[in-house]
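Quick notes on the structure that follows.
The values are calculated or read from the model by the stated rules, or taken from the named source; none is laboratory data. None of the values given here were measured: they were computed from a predicted structure. Cβ atoms come from the backbone with ideal geometry, glycine included; neighbour counts cover every protein chain shown.
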Amino acid sequence: MTVQTYTFRIQRNMPGQVGAVQSHWQDYQVEAEPNTTILTLLETIKGGQDGSLTFRQSCRSAICGSCAITISGRTRLACKTHVGAVAKDGLVEIAPQKNQPILKDLAIDIRPFFAKVHAIKPYLQDGPESAGKVTSTAYDQVNHVTQCIMCACCYSECTMTEVNPRYTGPAALAKAFRFVSDPREGRKTERLQELSKQDGMWSCARCTLCVDVCPKEVAPMEAIIKLRTRGMGKGFTDAAGPRHALAFHEDINQTGQLNEFTLMMRTLGIFGALKETGMALHLAKKGKIPSPFPHYVDGVEELRRIYQSLERTPVDVETKAKEAVPE
Ligand code: FES
């Protein structure tokens, strides 16, 4: 392969006074073949040009998760990313992970992330729901989430964590699903009740970025959807998230169209909706208040038939959609 010159534009973050970090961008030139990893080139820079550059790495094999950084706008594992795949006109921008406190240069403080993982009790608990036997198919559900290496790529890209730092986050929720779906776990319902609370599984905005960036194809959002389904199945529906989902279900089944006028009230309740009066007035000023009268959309009969079919033969959300479709 041809050797090329790449410019690495690296965000340098210097620890300042307590809680403050001063940043600037610094350019480095490196010669490399396109299939060289970003991690190798960061080491080249540190070894040959600037020993003060700080970043984390350990296994070099996409196993430990410690080299996750922002590369050309997306959080990726530096040891798994080839420079030729991410350079734009020879330029590669490198920054630390997002949504997390920075310690120095590309090294972040991972403690808030792991505090959330610890909060979901990442271990099996004794209890009344523990199954005596573990079948191989029961374990299929657990398998895909056990691939998680806790690199926090999903957490870094999570748009909900950005606006609500209290949100549990995709990695911890995927880990929670790993225990909820483990037949040996004895307190599944208790876990689901806990996860149904504010800032838990219903806070996910389903932006899918966690699925896109996960280097191990864990698909945290899929795990979150399964947690929600299980939570509702256990009757944990008295919160804005499940009420919102049920309102969608009701409207589409009845008219084929969402009644956005009543949606907020059904989701937040009367008092919750009253708190949003300011937003409603703003929408009204812009002529964006939806009609309170639902109208039936073309093809609603077909939609109803799909619903009836699903009620007769429910799609098992525990399996992939392509493996289980309505008749
Ligand atoms: S160095 Fe371990 S995942 Fe990259």
**Report entry** Candidate set from the stretch 83-100 (those that are touching a helix residue (DSSP H, G or I) at 6+ places or on another chain (Cβ under 8 Å) and free of Cβ contacts under 8 Å to residues at least 60 places away in the same chain); member that is nearest to the ligand (Cβ to nearest atom)
**Finding:** Q97
Query raised in the report: Right, E157: among the acidic types (D, E) and in contact with a Pro (Cβ under 9 Å, 6 or more places away or on another chain) or not?
Result: yes
Query raised in the report: For T137, all conditions in the list (1) more than 21 Å from the chain's Cα centre (by Cα); (2) in a helix (DSSP H, G or I); (3) within 16 Å of the ligand (Cβ to nearest atom) hold save one; what is the number of the exception?
Result: (3)
Query raised in the report: What are the residue pairs meeting all of these: first residue in the stretch 13-28, first residue modelled with pLDDT of 75 or more and loosely packed, with under 10 Cβ neighbours inside 10 Å, second residue of a type in the set (S, T, Y) and not in a strand (DSSP E or B), Cβ atoms under 9 Å, and 6 or more apart or on different chains?
Result: none
**Report entry** Leading residue by the ranking (farthest from G186 (Cα to Cα)) among those in the stretch 123-145 that are surrounded by 14 or more Cβ atoms within 10 Å (Cβ to Cβ) and polar (S, T, N, Q)
**Finding:** Q141
Report summary line: Over the stretch 177-234, the set of residues under 24 Å from S136 (Cα atoms), part of a loop (DSSP other than H, G, I, E, B) and either more than 16 Å from the ligand (Cβ to nearest atom) or among the aliphatic types (A, V, I, L, M) (or both) is S181, D182, P183, R184, E185, G186, R187, V218, A219
Query raised in the report: Can you tell me which residues in the stretch 1-12 are at pLDDT 95 or above and either exposed (fewer than 10 other Cβ atoms within 10 Å of the Cβ) or not in a strand (DSSP E or B) (or both)?
Result: V3, T5
Report task. May I ask you to verify whether S291 is hydroxyl-bearing (S, T, Y), modelled with pLDDT of 85 or more and either within 16 Å of A247 (Cβ to Cβ) or out of contact with any Phe, Trp or Tyr (no Cβ under 6 Å at 6 or more places or on another chain) (or both)? Result -> no
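Rundown of residues vs (1) more than 11 Å from the ligand (Cβ to nearest atom); (2) among the β-branched types (V, I, T); (3) buried (at least 19 other Cβ atoms within 10 Å of the Cβ); (4) over 15 Å from I94 (Cβ atoms), yes/no style:
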residue: V30; (1), (2), (3), (4): yes, yes, yes, no
residue: N35; (1), (2), (3), (4): yes, no, no, yes
residue: I45; (1), (2), (3), (4): yes, yes, yes, no
residue: G51; (1), (2), (3), (4): yes, no, no, yes
residue: S61; (1), (2), (3), (4): no, no, no, yes
residue: C67; (1), (2), (3), (4): no, no, yes, no
residue: S72; (1), (2), (3), (4): yes, no, no, no
residue: C79; (1), (2), (3), (4): no, no, yes, no
